[in-house]
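The values are calculated or read from the model by the stated rules, or taken from the named source; none is laboratory data. Being a predicted model, the structure only gives us computed values, none of them experimental. So basically every Cβ, Gly included, is an ideal-geometry build from the backbone, and we count neighbours across all protein chains shown.
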Amino acid sequence: MEAPPQIRDTLDYVYTRTPEAHRIAVGIHFGTLPPSAADDREDVARYAAYVARQLQPRVRLNSNSPAAPLRMNFASCYVQDHDEDSHFFHAVAGVIGVADGVGGCRSAGVDAAAFSRGLMGNAFSEVSASDLGKPVCPYTILDRAYQRTAASGTPGASTAVIVSLAGKALRWAYIGDSGFALFRDGKLLHRSEPQQHYFNCPFQLFAGEGSHRVSGAAVGEIAVEEGDVLVVASDGLFDNVFDSTLERTVQMGTAFNFTPQHMADIMAGQAHNASMDASKDSPFSVAAREHGLTCTGGKQDDITVVVAFVESQDDMTTDLPVSRLRT
């Protein structure tokens with residue numbers, strides 16, 4: 001299957017720097033690389049052992065390293081379907097936001113992208129205007145952004161997630177099924193739980209009666225460490241890529257020193273590939289059958305993926321990325 005054009009450079013990079021067995025195990029089957037069963041291949045087993053060796057030294061170093069201020073090194077990839085997702089990241093403040101316009105609004109003749117874009121634009125403005133020397137509260141930013149967007153009479157509806165790095169803690173606030181996953185040593189450490197009325201009908205924000213107010217947002221925090229990998233995304237990723245595949249991608253990226261951009265591109269490409277394949281199961285199709293629906297294959301949707309590496313501020317090998325708003 002042909003890869004989206006925005007990730008072809010990354011795939012070329014991956015193909016020239018990693019053995020085929022590694023790509024097969026991770027599930028990178030774009031372009032001319034055919035799918036292949038990995039279970040009985042000795043070279044794939046050697047790949048797993050190699051990755052384990054690459055990850056283990058970082059665990060030992062972390063256990064003895066002194067405390068140091070942390071930062072997030074970001075990158076994003078967006079593969080559009082109806083172009084109704086929006087996102088931002090703010091490097092200095094250490095904040096990421098993703099919003100997903102509710103596609104059902106299209107049937108009423110409403111711009112389904114309007115509310116997600118307004119929400120993220122206002123959230124980015126709130127973060128930029130905040131005291132960048134102090135930790136940012138995701139709930140406060142989401143609430144203020146919602147109030148401004150709703151007050152302007154912006155049409156449509158949206159799910160949303162905002163996460164921030166506050167010292168050694170990752171904080172979050174989200175409504176609906178835009179969410180995040182945190183990985184440590186190549187393993188899933190924490191995953192947001194979607195808020196839904198019923199299957200495929202997430203909580204959502206919009207102007208007017210019946211909207212879920214931000215007071216209903218899921219909020220929390222978790223301690224993070226240098227070397228953790230954070231993925232913040234719309235449901236276009238999580239509906240199409242299993243957590244186990246995301247784990248293998250993080251493991252491969254860690255072992256081969258991929259950048260956040262490489263990982264974001266690969267994950268978005270995996271989601272796009274799965275969304276176009278009606279012959280294989282996806283998280284969406286598995287969940288649909290659990291709810292009594294007949295379904296196979298992925299779910300075509302906009303796909304937003306933001307990947308952040310948690311790094312020490314003392315690490316001068318990488319510059320902070322430029323803050324970005326995508327509306």
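State whether the residues of the stretch 168-182 include one that is on the phi > 0 side of the Ramachandran plot and touching an Asp or Glu at 6+ places or on another chain (Cβ under 7 Å). So far as the stretch 168-182 goes, no, none of its residues is on the phi > 0 side of the Ramachandran plot and touching an Asp or Glu at 6+ places or on another chain (Cβ under 7 Å).
Scanning the stretch 102-142 for residues that are among the basic types (Lys, Arg) and more than 21 Å from the chain's Cα centre (by Cα), we see that the one that is surrounded by the most Cβ atoms within 10 Å (Cβ to Cβ) is Arg106. Among the residues of the stretch 222-266, those identified as assigned to a helix (DSSP H, G or I), aliphatic (A, V, I, L, M) and within 28 Å of Ala68 (Cβ to Cβ) are Leu246, Val250, Met252, Ala255, Met263, Ala264.
Kindly indicate whether any position in the stretch 231-252 is under 19 Å from Arg23 (Cα atoms), surrounded by fewer than 24 Cβ atoms within 10 Å (Cβ to Cβ) and among the hydrophobic types (A, V, I, L, M, F, W, C). Yes, some residue in the stretch 231-252 is under 19 Å from Arg23 (Cα atoms), surrounded by fewer than 24 Cβ atoms within 10 Å (Cβ to Cβ) and among the hydrophobic types (A, V, I, L, M, F, W, C).
Residues of the stretch 93-133 that are under 20 Å from Pro155 (Cα atoms), in a helix (DSSP H, G or I) and at pLDDT 95 or above: Ala114, Phe115, Ser116, Arg117, Gly118, Leu119, Met120, Gly121, Asn122, Ala123, Phe124, Ser125.
Looking at the stretch 290-311, which of its residues are part of a loop (DSSP other than H, G, I, E, B) and under 16 Å from the mean Cα position of the chain (by Cα)? Within the stretch 290-311, Asp301, Asp302 qualify.
Residues that are β-branched (Val, Ile, Thr) and at pLDDT 95 or above: does the stretch 208-216 have at least one? Checked the stretch 208-216: no residue is β-branched (Val, Ile, Thr) and at pLDDT 95 or above. The criterion of being more than 18 Å from Thr140 (Cα to Cα) and modelled with pLDDT of 95 or more holds for Ala75.
For the criterion of being over 25 Å from Val310 (Cβ atoms) and of a type in the set (A, V, I, L, M, F, W, C), Ala112 passes.
Of the residues Asp177, Asp143, Asp185, the single one that is among the acidic types (Asp, Glu) and touching a Pro at 6+ places or on another chain (Cβ under 8 Å) is Asp177. The conditions of being within 18 Å of the chain's Cα centre (by Cα), among the basic types (Lys, Arg) and closer than 23 Å to His90 by Cβ are met by Arg171. Taking every residue in the stretch 159-174 that is closer than 18 Å to Pro194 by Cα and pairing it with any residue that is at pLDDT 95 or above and of a type in the set (Asp, Glu), at least 6 positions away or on another chain, the pairs with Cβ-Cβ distances below 6 Å are Thr159/Asp100; Thr159/Asp177; Arg171/Glu221. Please tell me if Glu221 is of a type in the set (Asp, Glu) and touching a helix residue (DSSP H, G or I) at 6+ places or on another chain (Cβ under 7 Å). So Glu221 fails the test.
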